[in-house]
Amino acid sequence: MSEPLRIVVITGLSGSGKTTAIRVLEDLGFYCIDNLPAVLVPKFLELCQGLGQRVTRVALGIDLREGEFFEDVVSVLDQMRSQAHRVEVLFLDSADSVLVRRFSETRRPHPQAEGGSPADGIRREREKLSGLRERADRILDTSALTVHQLRAELARLFAPIASGEGGLAVFVVSFGYKFAIPSDADMVLDLRFLPNPHFVDELRPLTGLDAPVVRFLLDRPETLEFLEHCRSLFRFLLPRYLREGKSYFTLALGCTGGRHRSVMFAEEIARMFLADGYRVRTQHRDVGR
């Protein structure tokens with residue numbers, strides 16, 4: 001029996017970065033094919049399986065360019081999963097105002113505009129893609145990302161798959177609520193219930209990476225108690241995510257400004273994940289603001 005494939009379906013709105021995503025996955029060693037009619041996908045996957053270990057990871061670009069074949073996309077997704085392939089649907093999205101600006105800058109007509117404005121085309125495309133968006137495993141909002149940032153984010157998500165590393169990769173990000181919640185977080189924990197070092201004069205200029213701030217927070221019983229609750233929660237959750245085929249997990253930890261409580265807690269949680277054998281990366285998104 002042929003081995004199942006690892007398949008990433010890249011879809012989303014025109015102008016949201018699908019072409020960039022295809023190129024990134026190609027650079028990571030995925031066999032990529034864009035705009036293959038959905039009805040031909042099963043045959044294509046059968047051919048890939050016939051090549052054995054020469055093709056084990058596939059990325060498919062699927063969107064409204066399918067035309068009349070787009071109606072077959074959902075049934076084809078179900079068929080791929082029924083054949084035990086590991087399928088992930090990545091939906092790239094962006095704010096309407098950003099998409100309008102991108103089309104204005106490139107002077108390209110929107111493919112769904114039908115003679116109207118880009119805004120008309122975006123609205124029409126959203127409606128047609130709504131069902132596929134609901135079935136997405138991950139929705140990535142590219143509104144605030146440059147091309148370079150998008151490439152880095154996609155590499156973070158899919159490099160572990162491309163390298164063949166087993167287990168679950170965990171990404172821990174600290175952030176400040178005043179700068180918005182990370183759009184790609186699988187789970188968000190609000191740490192604003194902890195005492196705020198910002199209101200201690202000697203701690204205000206420091207960050208959660210500095211020992212005085214760490215001591216200030218770890219001396220609070222509620223900090224230690226919440227860490228223990230998190231340990232129990234994630235020891236329950238992460239093995240079950242892994243069992244369901246999830247290859248990465250993004251945990252976002254937030255406080256008001258993203259400099260003290262969330263940073264310290266992210267470091268503590270990351271150490272906990274490492275001790276439990278997970279691959280961990282940490283980012284302090286707003287610590288320098």
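Values computed for the structure shown
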{"quantity": "Residue in the stretch 209-221 that is closer than 23 Å to L154 by Cα, part of a loop (DSSP other than H, G, I, E, B) and either more than 19 Å from the chain's Cα centre (by Cα) or among the small types (G, A, S) (or both) present", "calculated": "no"}
{"quantity": "Matching option when the condition is within 19 Å of I10 (Cβ to Cβ) and open to solvent by less than 40 Å² (accessible area, probe 1.4 Å), among V89, V147", "calculated": "V89"}
{"quantity": "Out of T11, T19, sole residue that is open to solvent by less than 50 Å² (accessible area, probe 1.4 Å) and hydroxyl-bearing (S, T, Y)", "calculated": "T11"}
{"quantity": "Selection status of E71, more than 22 Å from the chain's Cα centre (by Cα) and among the acidic types (D, E)", "calculated": "yes"}
{"quantity": "Checklist (1) surrounded by fewer than 17 Cβ atoms within 10 Å (Cβ to Cβ); (2) within 26 Å of the chain's Cα centre (by Cα) applied to E114, failing item", "calculated": "(2)"}
{"quantity": "Spans of helices (runs of 4 or more DSSP H) in the stretch 61-148 with at least 3 residues of a type in the set (K, R) and on the phi < 0 side of the Ramachandran plot", "calculated": "118-134"}
{"quantity": "Test: residue in the stretch 38-56 that is closer than 25 Å to D120 by Cα and either crowded, with 16+ Cβ neighbours inside 10 Å or among the small types (G, A, S) (or both)", "calculated": "no"}
{"quantity": "Qualifying residue in the stretch 178-192 (condition: aromatic (F, W, Y), without any contact (Cβ under 8 Å) to a residue 24 or more places away in the chain, surrounded by 12 or more Cβ atoms within 10 Å (Cβ to Cβ) and part of a helix (DSSP H, G or I))", "calculated": "no"}
{"quantity": "Neighbours by Cβ (under 9 Å, 6+ apart or cross-chain): first from the stretch 50-62, at pLDDT below 85; second open to solvent by 30 Å² or more (accessible area, probe 1.4 Å) and assigned to a helix (DSSP H, G or I)", "calculated": "V55/L47; V55/Q49"}
{"quantity": "Residues satisfying the stated conditions in the stretch 238-252, i.e. within 9 Å of V170 (Cα to Cα) and part of a loop (DSSP other than H, G, I, E, B)", "calculated": "S247"}
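Per-residue answers, yes or no, for (1) on the phi < 0 side of the Ramachandran plot; (2) open to solvent by 50 Å² or more (accessible area, probe 1.4 Å); (3) modelled with pLDDT of 95 or more; (4) in contact with a strand residue (DSSP E or B) (Cβ under 9 Å, 6 or more places away or on another chain):
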{"site": "D219", "(1), (2), (3), (4)": "yes, yes, yes, no"}
{"site": "H229", "(1), (2), (3), (4)": "yes, yes, yes, no"}
{"site": "R243", "(1), (2), (3), (4)": "yes, yes, no, no"}
{"site": "T250", "(1), (2), (3), (4)": "yes, no, no, yes"}
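The values are calculated or read from the model by the stated rules, or taken from the named source; none is laboratory data. No experiment lies behind these values; they were computed from the predicted model shown. Using ideal geometry, Cβ is built from the backbone for each residue, glycine included, and neighbour counts are taken over all protein chains shown. Note: areas computed on protein heavy atoms with side chains; ligands, DNA, RNA excluded. Shrake-Rupley method; radii C 1.70, N 1.55, O 1.52, S 1.80 Å.
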